[in-house]
């Protein structure tokens, strides 16, 4: 073939990929201001039905949906059909990449990213992967052999990556999180008594269960609500289909499925946070120096990545940790009280962290291979 007729990469075009949960999307979106500032044009490849479509289109990015499957460690009839969906996703991604012709693909993980990485390798497009958790998940383990570099959030992750590819960057943090306003957050949540001239003296407890919610954490919070409301105002992000209409009129308690544009203000308003231990969330708490109690997903519901994340943060003094199986009786309120009493100690530890925002370091890696 005449070399002049071979499609050449579009100047400064990047494809972002990743999905399944907001944690696989938000770090991609955190790069957008830097990408735009440096003259990059970004497009996104995600799953046809995942949360990423809504989040990406809200930012005005071109979004391309592909079929995606999931590799499960348990029996499910979908295990027989999903390999064909992955294959279909790889073919569609191969076609999309041929049309977009990016200089580089940046993958944040999740199973939708696997066929995109395979297709990029087949087309000779450099792939950069970012691993948020302390140990790589299955999707990233499948993709790493096809990548030029693998960025890591945790120092401990470097031991689990090929030395020639591993780069310690920290986690990309959304710039808008640093622009949050407490007064706007208070007004949005509307937790104060009607007609009150000033916010109540009670601190604000923010409960974060992840973008898909956490049934067990939601249940524990609601069981402890009478005790919690004597000490806190409670803003509860309970995830998709997690609302309990019987609690709508509860004074001092506000429940929401998910918060997007208002999240910087909500975080600014929070005095302490109760959360799962997803990597994206906890690095945001670290960057904002918000004292937090982590309840990681147990081994019965995960591969244990959140447990490792939480232990790593606790060992640095950033977090307090409560295993889910120990949330009994008044233990949750007791642990939150200890967190509140030790809040300044945790803030001081977080102020000394070298991993406040990894967006710039990730951009340096992208630039190196693009």
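The values are calculated or read from the model by the stated rules, or taken from the named source; none is laboratory data. These numbers come from a predicted model, not from an experiment. Glycine also receives a Cβ, built like all others from the backbone with ideal geometry; neighbour counts cover every protein chain displayed.
Give the residues of the stretch 104-124 that are at positive phi and surrounded by 24 or more Cβ atoms within 10 Å (Cβ to Cβ), sorted by residue number.
109, 110
Could you count how many residues in the stretch 203-222 are within 19 Å of residue 339 (Cβ to Cβ) and touching a helix residue (DSSP H, G or I) at 6+ places or on another chain (Cβ under 8 Å)?
Qualifying residue count, the stretch 203-222: 10.
Limited to the stretch 122-157, what total is found for residues that are within 19 Å of the chain's Cα centre (by Cα), in contact (Cβ under 8 Å) with a residue 40 or more places away in the chain and part of a loop (DSSP other than H, G, I, E, B)?
Going through the stretch 122-157 one residue at a time, the tally reaches 7.
Might you let me know whether the stretch 106-121 holds any residue that is modelled with pLDDT of 95 or more, in contact with a helix residue (DSSP H, G or I) (Cβ under 7 Å, 6 or more places away or on another chain), in a loop (DSSP other than H, G, I, E, B) and more than 27 Å from residue 209 (Cβ to Cβ)?
no
Contact list please: Cβ distance under 7 Å, first residue in the stretch 185-196 and closer than 11 Å to residue 252 by Cβ and outside the structural domain of residue 271 (by TED's automatic domain parsing), second residue in a helix (DSSP H, G or I) and at pLDDT 95 or above, pairs at least six apart or on different chains.
If the second residue must be in a helix (DSSP H, G or I) and at pLDDT 95 or above, no pairs are left.
May I ask you to list the residues in the stretch 71-90 that are modelled with pLDDT of 60 or more and in a loop (DSSP other than H, G, I, E, B)?
none
I'm trying to understand the selection: among the residues of the stretch 312-332, which are surrounded by fewer than 18 Cβ atoms within 10 Å (Cβ to Cβ) and in contact (Cβ under 8 Å) with a residue 40 or more places away in the chain?
Passing the criteria: only 330.
Which condition from (1) buried (at least 19 other Cβ atoms within 10 Å of the Cβ); (2) closer than 23 Å to residue 328 by Cβ; (3) modelled with pLDDT of 90 or more; (4) under 23 Å from the mean Cα position of the chain (by Cα) is the one that residue 210 breaks?
(3)
Going by what's in this entry, would residue 103 be described as under 18 Å from residue 141 (Cβ atoms) and either within 25 Å of the chain's Cα centre (by Cα) or touching a residue at least 12 places away in the same chain (Cβ under 8 Å) (or both)?
no
Please verify whether the stretch 182-191 includes one or more residues that are crowded, with 16+ Cβ neighbours inside 10 Å and either at pLDDT below 90 or in contact with a strand residue (DSSP E or B) (Cβ under 6 Å, 6 or more places away or on another chain) (or both).
Checked the stretch 182-191: at least one residue is crowded, with 16+ Cβ neighbours inside 10 Å and either at pLDDT below 90 or in contact with a strand residue (DSSP E or B) (Cβ under 6 Å, 6 or more places away or on another chain) (or both).
Restricting attention to the stretch 135-151, does a residue exist that is modelled with pLDDT of 95 or more and within 30 Å of residue 265 (Cβ to Cβ)?
Checked against the condition, which is being modelled with pLDDT of 95 or more and within 30 Å of residue 265 (Cβ to Cβ), the stretch 135-151 yields at least one hit.
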